[in-house]
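Written out below as structure tokens is the structure these notes cover.
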Amino acid sequence: MRINHIDLAGDPQANLYTKHETVRVVFAKQPGSVASREGANRYVSGDALITGSTGDQWSVARDRFDAKYAPIPPLAHGTDGAYRNHPIPVYAKQMTAAFSVQRTAGGDVIHGNAGDWLMHYGQGDYGIVENAKFQKVYRLASNA
């Protein structure tokens, strides 16, 4: 099932969650692609290449990364190393069937399995999180 332009804010099966995770970051020196569980994540020079607490890897555009992650002191922002996400509430919905979604307008199409979570970070900004990882690093926003 292909999902297009969904707004989880109005979906009664979705809730707000916050992520609590420390990640390892390397900033890309040249364009490339990370093969994540959900599909290819293309990036450009300067984007953040992230390895999560469960070993999964993905890329984040530099402007999005700067707004969502902070270095763990004494690390300086923009330096390779350990970062922690800001606990920004995002909408998420556990899916009951395999699905795909475009990460951003004109961006990579990623694929999820039944039981994975569709993440809605903002207008036109989507992701997929495997259920086991979701259970480990996400909490209901009201309990954060």
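Read-outs: derived from the displayed coordinates by stated rules, not from any lab. Treat the numbers as computed from the prediction; the structure is a model and nothing was measured. Reconstructed Cβ throughout: ideal geometry from the backbone, glycine too, with neighbour counts over all protein chains shown.
Sorting 140, 16 by the number of Cβ atoms found within 10 Å of their own Cβ, with the fewest placed first, yields 140, 16.
In what sequence do 51, 96 fall when counting other Cβ within 10 Å, fewest first? Don't skip to the end; give the middle numbers.
Working: 51 14, 96 10.
By the 10 Å Cβ count, ascending: 96, 51.
Put simply, the C-alpha atoms of the chain give a gyration tensor, and the ellipsoid matching it has half-axes of 24, 18, 13 Å, longest first.
Restricting to Cα atoms and excluding each atom paired with itself, what does the Kirkwood estimate give for region 50-89 in Å?
Working: mean 1/r = 0.0921 Å⁻¹.
Here the Kirkwood hydrodynamic radius works out to 10.9 Å.
If you take every DSSP beta bridge whose two residues both sit in the chain, what share of them, in percent to the nearest 5, is antiparallel?
On the way: 39 of 41 bridges.
Percentage antiparallel, nearest 5: 95.
Put in line by how crowded their Cβ is, counting other Cβ atoms within 10 Å and starting with the fewest, 56, 11, 116, 63 read 63, 11, 56, 116.
Using the eigenvalues of the Cα gyration tensor, what equivalent ellipsoid semi-axes result for region 21-86 when each is taken as the square root of five times the eigenvalue, whole Å, largest first?
Values: eigenvalues 67, 37, 18 Å².
So the three semi-axes of region 21-86 are 18, 14, 9 Å.
Which whole-angstrom value gives the distance between the alpha carbon centres of region 3-64 and region 85-132? Going from one Cα centre to the other spans 9 Å.
Taking only DSSP H segments of four or more residues, each worth -39500 (n - 2.57), what value at 222 nm results for the chain once the sum is divided by all its residues, to the nearest 500 deg cm²/dmol?
Values: 2 runs with 14 residues, N = 144.
Value at 222 nm, helices only: -2500 deg cm²/dmol.
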